[in-house]
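*Asks:* Take a look at the following structure, please.
The values are calculated or read from the model by the stated rules, or taken from the named source; none is laboratory data. This structure is a prediction, so every number in the text was calculated from the model and none was measured. Cβ placement follows ideal geometry from the backbone for every residue including glycine, while neighbour counts extend to all protein chains displayed. Calculation scope for accessible area: heavy atoms of the full protein, side chains included, ligands and nucleic acids excluded. Shrake-Rupley method; radii C 1.70, N 1.55, O 1.52, S 1.80 Å.
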Amino acid sequence: QVQLVEAGGGLVQTGGSLRLSCAASGRTFSGYGWFRQAPGKEREFVARINWSTGGTNYADSVKGRFTVSRDNAKSTVYLQMNGLKAEDTAVYYCAATLSPFRVYTNVESYDYWGQGTQVTVSS
């Protein structure tokens with residue numbers, strides 16, 4: 001059974017930091033993405049990492065503040081979030097894709113999703 005289990009969300013003040021984790025089990029994936037969804041908005045791409053190469057990409061809104069990384073031994077992906085802003089408040093989702101050739105910014109490119117974790121940034 002495939003599972004993506006997220007952890008690490010919470011409440012933080014503006015300028016603070018949080019680290020999200022996503023532990024995968026059940027199979028190997030070619031890549032992982034982080035998405036977020038704020039109330040009343042569509043789910044949007046945040047960052048992604050290619051599992052084999054470690055290559056990463058980021059949304060412009062988080063570039064320079066967020067870092068996605070992986071721990072191969074633990075089958076875990078992380079999202080380090082620094083310099084958090086009120087507009088970063090959302091439910092954050094980890095997602096996994098079986099193919100490295102899909103458009104990584106698209107929700108439809110991912111085959112499995114985590115349960116989501118709430119990140120709230122207070123000003």
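*Asks:* Can you find, among ALA38, LEU20, SER61, the residue sitting farthest towards the positive end of the charge dipole of the chain, where Lys and Arg contribute +1 and Asp and Glu -1 at Cβ?
*Replies:* LEU20
*Asks:* Here is a further query. Which semi-axes, in whole Å and largest first, does the equivalent ellipsoid of region 18-113 have when worked out from the alpha carbon gyration tensor as the square roots of 5 times its eigenvalues?
*Replies:* Its equivalent ellipsoid spans semi-axes of 20, 15, 12 Å.
*Asks:* How many Å² of accessible area per residue for region 1-91, probe 1.4 Å?
*Replies:* 51 Å²
*Asks:* Sticking with this structure for a sec: Just tell me which lysines come within less than 26 Å, Cα to Cα, of LYS85; anything on the same chain fewer than 8 places away is out.
*Replies:* Partners found: LYS41, LYS63.
*Asks:* Another one. What's the magnitude of the charge dipole for the chain around its Cα centre, counting Lys and Arg as +1 and Asp and Glu as -1 at the beta-carbon? Answer in Debye, nearest 20.
*Replies:* For this selection, approximately 200 debye.
*Asks:* Same structure, new question: If you project the alpha carbons of region 58-107 onto the principal axes, what extent comes out on each, in Å, largest first?
*Replies:* Sorted largest first, the three principal extents are 33, 26, 20 Å.
*Asks:* Rounded, prolate or oblate: which fits region 3-47, taking a ≥ b ≥ c as square roots of the Cα gyration tensor eigenvalues, rounded meaning a/c under 1.5, else prolate when a/b beats b/c? List each step's numbers first, then the result.
*Replies:* Numbers: a/c = 2.36, a/b = 1.48, b/c = 1.59.
Since a/c reaches 1.5 but b/c is at least a/b, the shape of region 3-47 is classed as oblate.
*Asks:* Relative contact order for the chain using alpha-carbon pairs under 8 Å, separation at least 6, rounded to a whole percent?
*Replies:* With pairs under 8 Å counted, the relative contact order is 35 percent.
*Asks:* Lys and Arg at +1, Asp and Glu at -1: add these up for the other residues within a Cβ distance under 14 Å of SER122 and post the number.
*Replies:* On the way: positive: LYS85; negative: GLU87, ASP88.
My count for the surroundings of SER122 gives -1.
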